[in-house]
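Asker: Below is one structure. I have some questions about it.
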Amino acid sequence: MGHGRPVWSTRATFVVVLGWVLASGAAWAQDGGGWRSAFELLASGPELGGSDIPREAPARRGSDASVVPPEVMARVLTEESPRPVPTASAAQAGPVVAPEAPGETQEALEGGRVSEPGVRPVEDAPRPPFKPLPVVVAVVPGLLLHGLGAWTAGDAATAKELFAAEAIGLGLIGAGLVPMALTGASRKTVGPLYAVTLTGAGVFSLSMLANLYAVTSPAFDPGRVPDTLPPLELDLGYQYVNDATAEYRNFFALGAVARLSKVRLEASARMAPDEGNTLIRAGAAYRLWGAPERTPGLGDGTSLDVEGFATYHRYPTEGFTLGGGEVALKGRYAMARFGPRFAGSFVEGGVGLSAQAYSYPGRVDDDNLYGQLLYTFGYGVWLGRGGPLRGDAVLYYDHRKDGLVGGLRGRGGGMVGSFGLRGRVLLTERWGVAAEAQAGGALMGRLALVYAVGGDT
């Protein structure tokens with residue numbers, strides 16, 4: 001049936017961890033000043049009294065003392081003809097700020113951006129050159145020693161960050177596995193210890209993928225966060241499931257996504273026409289931090305949401321149904337905050353808890369009710385560089401055991417989740433595709449056509 005019983009009690013302590021720290025570090029200064037802290041960048045900008053137009057104070061490094069000669073400006077100010085506007089190159093100018101449109105509300109400026117969706121800050125941090133040797137080193141032995149590829153490429157700062165992330169991941173894995181071994185995986189403590197172990201595995205895996213991306217990204221132009229997304233997307237497709245324990249194989253795949261300012265509504269259905277197996281999932285997400293749902297281009301893609309979903313799964317052949325609800329925190333973090341090598345990529349993760357119940361003929365007892373830890377993490381890239389083509393692709397791990405795919409059974413008898421790759425992209429103003437492949441207790445493949453309704457597309 002594509003699911004397994006969890007190994008912890010529903011009374012186990014629920015530990016909320018995302019697996020990485022949602023805080024920005026040093027950033028590359030746009031004016032050629034090298035790596036500078038977030039406070040230094042803010043203090044030099046107009047928000048705290050700084051200016052991108054030279055005044056009597058010493059100019060910032062990398063900028064000229066003046067753009068338009070004073071004698072020219074003095075002469076044109078006395079003429080009746082239109083006055084010239086001082087201009088500056090991308091290397092001399094600071095962030096590009098669009099004029100505030102009439103009726104523009106504060107809501108449109110959420111996410112920390114001061115420009116309209118179509119106007120972005122100047123992104124002129126130098127791109128590192130591509131070198132084949134670091135790619136080879138990033139694989140062997142770089143898959144075990146993260147950061148070795150970046151170090152071979154001469155980027156010591158990135159290498160240190162990746163080495164540190166790997167060390168943190170291994171430390172968290174040990175902090176979870178050792179107590180579990182000493183306590184015999186007691187049901188009283190296995191819940192939080194398992195969450196710590198999963199967090200460590202997530203940090204370790206993401207640093208490994210970041211290690212590979214850091215040395216391959218200079219070979220191509222990175223994708224960018226979409227300026228806008230449609231308010232409504234509908235998708236229709238086909239899903240195939242190969243489960244050795246079930247007879248169903250073919251499913252209709254339906255889905256819908258509606259986006260408001262801070263709210264995202266989602267619904268999906270998987271229906272097997274022959275066997276009648278039906279899985280329905282519906283819920284909503286609320287944006288706690290980041291740019292609005294419909295205008296992600298106001299930020300850099302970093303966000304944090306709280307989600308709530310209800311599920312209903314009918315097994316007519318087996319003679320029971322499974323239903324329940326879940327809550328989770330899910331977030332994305334733009335890897336470009338760590339440096340130009342990671343531009344166009346992001347990490348994502350989520351942690352939550354679900355409570356479900358079986359319904360079948362007979363007396364209801366404790367075995368009909370159970371809860372499970374929800375945990376997911378992944379490394380993704382943005383698709384598209386402006387225009388109608390926009391979307392993303394994510395390589396991920398999902399720890400949940402219910403659903404059509406279920407989890408893998410380990411050597412020790414325990415259950416782990418599933419691994420997958422999914423992508424969703426709008427190819428034109430209205431049409432796009434969505435695809436997914438997943439491997440766990442069963443194998444799954446899905447391909448769907450996406451139609452966008454409304455919006456600034």
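Asker: Out of (1) more than 18 Å from the chain's Cα centre (by Cα); (2) buried (at least 19 other Cβ atoms within 10 Å of the Cβ); (3) closer than 18 Å to L279 by Cβ, the odd one out for D398 is which?
Answerer: The failed condition is (1).
Asker: Quick test for you: out of L182, L162, pick the one residue that is closer than 27 Å to M335 by Cα and either open to solvent by 60 Å² or more (accessible area, probe 1.4 Å) or in contact (Cβ under 8 Å) with a residue 24 or more places away in the chain (or both). Quick ask: steps written out before the conclusion?
Answerer: Working: L182 fails: closer than 27 Å to M335 by Cα.
Just a single option satisfies the conditions, and that option is L162.
Asker: Give segment 334-365 a look and list any residue that's touching an Asp or Glu at 6+ places or on another chain (Cβ under 9 Å), modelled with pLDDT under 95, more than 22 Å from G417 (Cα to Cα) and assigned to a strand (DSSP E or B), or say none.
Answerer: none
Asker: Right, here's the next one. So for segment 154-163 (the condition being within 22 Å of G339 (Cβ to Cβ) and in contact with an Asp or Glu (Cβ under 6 Å, 6 or more places away or on another chain)), does at least one residue qualify?
Answerer: No: zero hits.
Asker: Also, quick follow-up: Can you confirm whether segment 377-394 contains a residue that is small (G, A, S), touching a Pro at 6+ places or on another chain (Cβ under 9 Å) and part of a loop (DSSP other than H, G, I, E, B)? Outline the logic, then answer.
Answerer: First pass over segment 377-394, keeping only residues small (G, A, S): 378, 380, 384, 386-387, 391, 393.
From what is left, the residues that are touching a Pro at 6+ places or on another chain (Cβ under 9 Å) are 384, 386, 391.
Still in the list and also part of a loop (DSSP other than H, G, I, E, B): 384, 386.
Checking segment 377-394: at least one residue is small (G, A, S), touching a Pro at 6+ places or on another chain (Cβ under 9 Å) and part of a loop (DSSP other than H, G, I, E, B).
Asker: Could you list all residues from segment 295-328 that are in a loop (DSSP other than H, G, I, E, B) and crowded, with 16+ Cβ neighbours inside 10 Å?
Answerer: T295, G299, D300, G301, T302, listed by residue number.
Asker: Further question on the same structure: Determine, yes or no, whether A210 is closer than 30 Å to K131 by Cα, open to solvent by less than 60 Å² (accessible area, probe 1.4 Å) and either more than 18 Å from the chain's Cα centre (by Cα) or touching a residue at least 60 places away in the same chain (Cβ under 8 Å) (or both).
Answerer: On the way: closer than 30 Å to K131 by Cα: yes; open to solvent by less than 60 Å² (accessible area, probe 1.4 Å): yes; either more than 18 Å from the chain's Cα centre (by Cα) or touching a residue at least 60 places away in the same chain (Cβ under 8 Å) (or both): yes.
It is true that A210 is closer than 30 Å to K131 by Cα, open to solvent by less than 60 Å² (accessible area, probe 1.4 Å) and either more than 18 Å from the chain's Cα centre (by Cα) or touching a residue at least 60 places away in the same chain (Cβ under 8 Å) (or both).
Asker: Return the pairs, sorted by first residue and then second, in which the second residue is acidic (D, E) and at pLDDT 95 or above, the first residue lies in segment 423-435 and is under 15 Å from G454 (Cα atoms) and open to solvent by less than 80 Å² (accessible area, probe 1.4 Å), the beta carbons are less than 9 Å apart, and the residues are 6+ apart or on different chains.
Answerer: Once the first residue is under 15 Å from G454 (Cα atoms) and open to solvent by less than 80 Å² (accessible area, probe 1.4 Å) and sits in segment 423-435, its partners that are acidic (D, E) and at pLDDT 95 or above give L426/E233; G432/E233; G432/D235.
Asker: Let me ask another. Go through the residues of segment 271-279 one by one and say whether even a single one is open to solvent by 60 Å² or more (accessible area, probe 1.4 Å), more than 31 Å from the chain's Cα centre (by Cα) and within 22 Å of L234 (Cα to Cα). Even if it seems obvious, please write down each step before you answer.
Answerer: In the first step, residues of segment 271-279 are kept if they are open to solvent by 60 Å² or more (accessible area, probe 1.4 Å); the result is 271, 273-274.
Remaining after also requiring more than 31 Å from the chain's Cα centre (by Cα): 273-274.
Now restrict to residues that are within 22 Å of L234 (Cα to Cα): 273.
Within segment 271-279, one or more residues are open to solvent by 60 Å² or more (accessible area, probe 1.4 Å), more than 31 Å from the chain's Cα centre (by Cα) and within 22 Å of L234 (Cα to Cα).
Asker: Could you list, in sequence order, the residues of segment 233-270 that are in a strand (DSSP E or B), among the aliphatic types (A, V, I, L, M) and either open to solvent by 60 Å² or more (accessible area, probe 1.4 Å) or without any contact (Cβ under 8 Å) to a residue 60 or more places away in the chain (or both)?
Answerer: Restricting attention to segment 233-270, the residues satisfying the condition of being in a strand (DSSP E or B) are 233-242, 250-259, 263-270.
Pick out the ones that are also among the aliphatic types (A, V, I, L, M) and you get 234, 236, 241, 253-254, 256-258, 263, 265, 267, 269.
Scanning segment 233-270 gives L234, L236, L254, A256, V257, A258, V263, L265, A267, A269.
Asker: Please list, ordered by first then second residue, the pairs with beta carbon atoms under 7 Å, 6 or more apart or interchain, first in segment 381-407 and over 25 Å from F419 (Cβ atoms), second open to solvent by 30 Å² or more (accessible area, probe 1.4 Å) and of a type in the set (S, T, N, Q).
Answerer: P388/T428; P388/T457
Asker: Which of the numbered conditions does V96 fail, given that it passes all the others? Conditions: (1) modelled with pLDDT of 50 or more; (2) closer than 28 Å to G386 by Cβ; (3) touching a Pro at 6+ places or on another chain (Cβ under 7 Å); (4) aliphatic (A, V, I, L, M).
Answerer: (1)
Asker: So, of the residues in segment 366-389 that are closer than 24 Å to V327 by Cα and open to solvent by 40 Å² or more (accessible area, probe 1.4 Å), which turns out to be modelled with the highest pLDDT?
Answerer: Among them, the one singled out is L369.
The values are calculated or read from the model by the stated rules, or taken from the named source; none is laboratory data. This is a predicted model, so every value here is computed, not measured. Every residue, glycine as well, gets a Cβ built from its backbone with ideal geometry; the counts of neighbours run over all protein chains shown. All accessible areas refer to the heavy atoms of the entire protein, side chains included, with ligands and DNA or RNA removed. Shrake-Rupley method; radii C 1.70, N 1.55, O 1.52, S 1.80 Å.
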